[in-house]
Amino acid sequence: MSNGDWSNLMAAAQTGSADAYHLLLKEICVWLRRYYSRRLPASMIEDTVQEVLIAVHEKRHTYDPSRAFGPWLAAIARYKWIDCLRAMNKAPSQVIHEDIASQDDVGIAADSVELEQLLAILKPAQSEVIRFVKLHGFSIAEAATRTGQSTSLVKVNIHRGLRRLSQLVQRRPGIERHCPPA
């Protein structure tokens, strides 16, 4: 549609034609999306188009039908674009929190499930002290106190358990090794 057609539609809308107003809004939506597609990020286009439509609706009584509608609409669109740019500059950057899952987190979760499966294969005394010392960071003495094993037995169980885990991992098909061999 041409600018003259938009002017006629707006003039008809001002006299109460709902059909003309609906067609006008439909037409200017297409123009506004194209206008903003070159000026704004895609995620902001629809919101800004809606802001312009609201402004057109609220200011429709100020439109002079003896003038072209296109420049009147372009002025509103430009002001809303500037408002949007100002808001973008004022808006703080979003901080990505560590509790948001990432692709690495999915791999870590899969690895921890696999580790639990491997630990379940070990003797309970071995898996218990490995969890305390290697996973939770307890000292040998603390692990001995918590499990009731002597410090010597804790060391032996950790050594034997880790050796057994290493053998299990080497024999398992399809296990990705995320770390290079030491």
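In table form, for the structure just shown:
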{"item": "Hey, D19 more than 26 Å from the chain's Cα centre (by Cα) and either part of a helix (DSSP H, G or I) or loosely packed, with under 14 Cβ neighbours inside 10 Å (or both) or not", "result": "yes"}
{"item": "Helices (runs of 4 or more DSSP H) within region 63-182 that include 3 or more residues modelled with pLDDT of 90 or more", "result": "69-90, 124-130, 140-147, 151-171"}
{"item": "Residue pairs meeting the criteria (Cβ under 8 Å; at least 6 apart or on separate chains; first in the same structural domain as L122 (by TED's automatic domain parsing), in region 148-162; second not in a helix (DSSP H, G or I))", "result": "N157/K123; N157/Q149; G161/L122; G161/K123"}
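The values are calculated or read from the model by the stated rules, or taken from the named source; none is laboratory data. Here the structure is a predicted model, which means the values were calculated and not measured. Reconstructed Cβ throughout: ideal geometry from the backbone, glycine too, with neighbour counts over all protein chains shown.
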